[in-house]
Structures are given as structure tokens and as C-alpha cells.
Amino acid sequence: MRHVLPLFLALCSCTTDAAEPAPKSQAPKGFWDTWGDGRAELAGYRLVQPRYGEQRRGEAVLIFVTEDFTDATRVKSDGGHGDEYPVIKLNETRDFQTGVYDYNVMTSAFVRLDGRDALGVPTKVAFGAQEWCGHVYDHVITHGDRYDRTTHSYFDGEADQQTKMEIPKRAVFLDAMPLFARGFAGDLVAPGGAVEVQLHPRLIDLRFQHRGAEWMPGRITREVVATPVEVPAGSFAVERLTVTSGDRVWAYDIEQAAPHRLIRWSGPDGETGELTGSIRTDYWSKHDEGDESLRRDLGLGDPSWLRGD
């Protein structure tokens, strides 16, 4: 959040027009001092998820980690490829109940850090949802000024689809906003400023609303919140990035102090996520009996009943 790109230094409270070219997506100064240690940040959230006209309570976990991508296949590289580049990855999981059955939803967003892509445009977004009726999978791969999208669904008329879409200037994908709001690839907007953008809807919203993708004119502002924000994890001084498109509003409260965690977010129709706890660890090695206790540090339930306790 403190690493403002030179292009924005002169903007301050000015508005940037969506027709102007976006700065490039690259790691800001000092980024690798924290994020080059091979560990991930795990953050638990108390979730309110609108579904079927009601507010569903659940839990979300956001996982932030860096890795090397290979451009040919857009997956994590194990080395030996000539087309590798660094990304910051967000894996966002949501688990919530709807009556007798539950939803398990995951969105992954990958943002390049080498200055090749426009700031606001991830290199890949993937989405999956599982519930008792069936499951769906959706992913978007960007290629400069266009993207390819592949969708698989259990709904009649949606089974297997492939589409292409142009990416306008000053595009921002809402699925990657938790990454952009934290300044991991540079700042979308200067403190006290505003920028006019073209918004791509979240894949979870397209799925739940059964609608196609279309670009939405939007505006992003950034301001310091005068009073601390209270969430289950504590009290935090934050900056707020607010995204508006028509009457739809998303807000992201970002911790002012390093490492600038996402403290709270809110969205249309009553959606909210509030931080319950966070840790930094190599979570992929924490798969043994007893490692469930780490969930307490995230403010999540300890599933001891699974072990027969």
C-alpha cells in the first residue's frame, strides 16, 4: 500500500480516465523481502454469503503466496521451462450452508509481477463450485488485449462453453481485487485519489446469477478510514478501496501497517468477510494429524470430531 507507482504520484486526488493506458503489473520495492521466503499467508474470515435470497453464514480462507508460472500452460512451474515468470497467487475458498446442503467454492487468481501485464489484469483466474446438485468449473486466460474463457457446468445449455472477449484499457478483474487492493503489483489508485476503470465481474457472481460476462464501467477510490475497524481478529487502522459500478459497491479495508492484510471486505446484497486470524507458514507441509490445531490461529473451528475426539 505504501509503494505508489510514479505514474500515480502526480494524481493525488485527481481522477484518472479509463482511456489512459494502465501502468504495468510488477512487484513494488521491498516486495520480495517479505514474499520471497517461500511461505504463504493464510487468513481466515467470518463470511456472510448471499444465496437464494438469504444471508448464509460460513467461513472463508484466503491464501496468498508467490510462485513461478510457465506461460505455455499457465500452471505452477517445477523448473526447466524457458517461459517462466513470477506471480502472486490468491486461493480464495468459501464454505457455507444452504438448507440441508452446503457449498464449497474456490477462486484462484494469478497476477504477474514482471511488468508484462497491465495493472488490473491477472494472467489467469480459475473458479470451481461444488454443491449437492453438481459442480462447475470456469477459467479465464488473458493474452494482452483479449482473453479465452472455458466453462464446464452441470446445467443444461451450459455444459461446455468456450468464449473469447476483448480486454479494454484500464480493465480491472474483480476476482483479483484482494491482490490489487493490497498493492502487491503496484497501486491501482493513489491515496485520496480515484480512477475510472472497466470492471470484469467475479466468476462466482456470473455462476450464481447464471449470466454471461460483460464489462462494466466503474470507479475505484482510496481513502484513509478515520476510525479503527473492529473485526473478530481485533481493531485495525485501515485504508479503504471502494469499487462502484452503478448501484453496486464493493469495499476492501486494508491494514495500514505491513503486511497490509485484508481486514474486511463487503459486496452487494449484504456479502461480508471479516478477518478472524492469520498466519504465515508452509501450509502444504501441515497435513499430519494434529496440524488441525493451526485452524485455531485462523479463528476457524477445530474439526476434532473428524479424528474421533
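Here, each number is a calculation from the coordinates, and none is a lab measurement. Here the structure is a predicted model, which is why all the values come from computation and not from measurement. Note that each Cβ is placed from the backbone with ideal geometry, even for glycine, and that neighbours are counted across all protein chains shown.
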How about region 110-185: which chymotrypsin sites (Phe, Trp or Tyr not before Pro) there lie in a loop by DSSP and see at most 16 other Cβ atoms within 10 Å?
Trp132, Tyr154, Phe155
Length added when fully stretched, Asp145-Asp291, from 0.36 nm per residue minus Cα-Cα:
48.2 nm
Return the loop-located GluC sites (Glu not before Pro) in region 206-309 (DSSP other than H, G, I, E, B) with at most 16 other Cβ atoms within 10 Å of their own Cβ; answer none if there are none.
Glu214, Glu289
When you count, for each residue, the other Cβ atoms within 10 Å and take the mean per peptide, how do 37-48, 276-287 rank with the highest first?
37-48, 276-287
Rounded to the nearest 500, what is the chain's calculated 222 nm mean residue ellipticity when only DSSP H runs of at least 4 contribute -39500 (n - 2.57) each, over all residues?
-1500 deg cm²/dmol
